[in-house]
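Step one of this worksheet: look at the structure below.
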């Protein structure tokens, strides 16, 4: 059944394509945060283990929400690692050490990269693609990443 919500079929497709790129970034960041949670070592192990757990739990909710937003627009959410890796603009880095500062710097960089990507799409989605709802949604998503980035940044002070 066709989605009829006041946005052209072509624009719904374009918004969904943007969202699938965002979904890919979110999933890769979720996985990298899980990796930090599982593999953190050092004298501050327990605190960082718990900290990364809180962050990946928030990212898990974000991943689900982005996928559901795509479905609300009548399209399918990307759901394979192959597709995620093709659509993401983040990188999978392998770490030589599993220390907190290294993980935190890497994850912070990824959050900041996602913030920039979201910011670049807010007006495009609202003005060019005529989808104020998704524009508002990714504004809120950007604010979530700004808060998570702040939490990471505070560990490096």
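Computed from the coordinates by the stated procedures, all read-outs in this text should not be read as laboratory data. From a predicted model like this one, the values you see are computed outputs, not experimental measurements. Methodologically, a virtual Cβ is constructed for each residue, glycine included, from the backbone with ideal geometry; neighbour enumeration extends over all protein chains shown.
Report relative contact order for region 9-155 in percent, whole number only (criteria: Cα-Cα under 8 Å, sequence separation at least 6). List each step's numbers first, then the result.
Details: 156 pairs, mean separation 44.6, N = 147.
Computed over region 9-155, the figure is 30 percent.
Ranked highest first by average number of other Cβ atoms within 10 Å, how do 27-34, 49-56 line up?
Packing proxy ranking, top to bottom: 27-34, 49-56.
Of 26, 61, 106, which has the largest mean-square fluctuation in a 10 Å C-alpha GNM of the chain?
Sorting by GNM fluctuation, first place goes to 61.
Per 0.36 nm of contour for each residue apart, how much would the distance between residue 99 and residue 53 grow if the chain were fully extended, relative to their Cα-Cα spacing?
15.0 nm
Please grab the % of Cα pairs in the chain that end up more than 25 Å from each other.
Details: 3887 of 12246 pairs.
For the chain, the fraction of Cα-Cα distances above 25 Å is 32 percent.
Residue 17 to residue 60: extension gain in nm, 0.36 nm per residue of separation minus the Cα-Cα distance?
Between residue 17 and residue 60, full extension yields an extra 13.5 nm.
Rounded to the nearest 500 deg cm²/dmol, what is the calculated helix-only ellipticity per residue at 222 nm for the chain, with -39500 (n - 2.57) per DSSP H run of length n ≥ 4?
Values: 5 runs with 114 residues, N = 157.
Using -39500 (n - 2.57) per qualifying helix, the result is -25500 deg cm²/dmol.
How large is the translational diffusion coefficient of region 78-150 in µm² per second when you combine the Kirkwood radius over alpha carbon pairs with Stokes-Einstein at 4 °C and 1.567 mPa s? Kindly include the intermediate steps, with their values, before the conclusion.
Working: Rh = 13.9 Å.
Here the translational diffusion coefficient equals 93 µm²/s.
If you stretched the chain out fully between residue 86 and residue 128, how much longer would it get, using 0.36 nm times the residue separation minus the C-alpha to C-alpha distance?
Details: separation 42, 0.36 × 42 = 15.12 nm, distance 2.49 nm.
Stretched out fully, the residue 86 to residue 128 stretch lengthens by 12.6 nm.
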